[in-house]
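Asks: The structure follows.
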Amino acid sequence: MMEYKEILDEIEKQLEGEAHLDELAKKKQDPFKILISTILSARTRDANTRIATEKLFAKYNTPESIVEANIDEIERLVKSSGFYKVKATRIKEVSKILIEEYNSNVPDNYEELLNLPGVGSKTANCVLVYAFKIPAIPVDTHVHRISNRLGWVKTKNPLKTEVALRNTVPKELWLKLNRLFVRFGQQICLPIRPKCEICPINLECPKDFSMELENRGKKKRSL
Ligand code: SF4
């Protein structure tokens, strides 16, 4: 049976391009941009997040400038990311708190990040990993789905997946796990019709779809 590291290495060999947050981290963008971009990434595709982030930061790239900007203008700039009214409000609120409580810096610990409005566990962990290179496991829909399919966890929601992964995956792999699984989930282990026939870990994977089938069953029952 392959170890965690071997599986991640095999996946890495097969992937193309970079996910948006990874791109920002590689360009050594500042933690503020990574935090705001992660907030913008909620419930949208990477391509939309990228457009919204770059449009916003071309005009306003500090907490001060965002706080002073007109809310309509922020909404217009981040519109491509969807849910733009809520996101624009969040971005302004977060910027204000960073100025007032953190000397305009982004905190580099989980608890303080979690206290920011609209920042949940996934966003806080993304900031730790992509902005500060602090080992953490951000669990988005890709990480939750793939970890279950691989049989690494047997969990019903992303928070439980995070806890389970922290207990099983060696810490030295945490920094790369989200980065690899996000792209793997976009390119090969797709949410619907995963491309198992070209998957580099096909023979290792138990293909456990029980969590997804259960969720689909629940959705149907609630209709
Ligand atoms: S074999 Fe299929 S289900 Fe398993 S990781 Fe690969 S693409 Fe995903």
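All of the numbers you see were taken from the coordinates with simple rules; none came from a lab. Keep in mind it's a predicted model, so treat the numbers as computed, not measured.
Asks: If you find the alpha carbon centre of segment 71-95 and of segment 177-191, how far apart are they in angstrom?
Replies: What the calculation gives is 27 Å, centre to centre.
Asks: Identify which of Leu40, Leu159, Leu128 has the largest mean-square fluctuation in a Gaussian network model of the chain, with springs joining Cα atoms closer than 10 Å.
Replies: Ranking Leu40, Leu159, Leu128 by mean-square fluctuation puts Leu159 first.
Asks: Considering Cα pairs under 8 angstrom that are at least six residues apart, work out the relative contact order of segment 61-133 and quote it in whole percent.
Replies: Working: 55 pairs, mean separation 19.1, N = 73.
For segment 61-133, the relative contact order is 26 percent.
Asks: Applying the Karplus parametrisation 6.51 cos²θ - 1.76 cosθ + 1.60 with θ = phi - 60° to the phi angles of segment 198-213, what ³J(HN,Hα) value in whole Hz is obtained for each residue in order, glycine and proline being reported as x?
Replies: 10, 6, x, 10, 3, 6, 7, 7, x, 6, 8, 9, 4, 4, 5, 4
Asks: Kindly provide the helix-only [θ] at 222 nm of the chain, computed as the sum of -39,500 (n - 2.57) over DSSP H runs of four or more divided by all residues, to the nearest 500 deg cm²/dmol?
Replies: Values: 13 runs with 133 residues, N = 223.
The per-residue figure over the chain is -17500 deg cm²/dmol.
Asks: Shape call for segment 20-132 from the C-alpha gyration tensor, a ≥ b ≥ c root eigenvalues: rounded (a/c under 1.5), prolate (a/b greater than b/c) or oblate? Before the final figure, lay out each step's value.
Replies: On the way: a/c = 1.42, a/b = 1.11, b/c = 1.29.
Rounded shape, in that the Cα axes give a/c under 1.5.
Asks: Decide, for the chain, between rounded, prolate and oblate: order the square roots of the alpha carbon gyration tensor eigenvalues as a ≥ b ≥ c, take rounded if a/c falls under 1.5, and otherwise choose prolate if a/b is larger than b/c, else oblate.
Replies: Because a/c hits 1.5 or more and a/b exceeds b/c, the chain counts as prolate.
Asks: Right, next: Between the alpha-carbon centers of segment 25-53 and segment 105-132, tell me the distance in whole angstrom.
Replies: Value for the Cα centre distance between the two parts: 13 Å.
Asks: May I ask you to derive the relative contact order of the chain, considering only C-alpha pairs under 8 Å and at least 6 residues apart, and to give it as an integer percent? Show your work: numbers first, answer last.
Replies: Working: 264 pairs, mean separation 46.3, N = 223.
Contact order relative to length: 21 percent.
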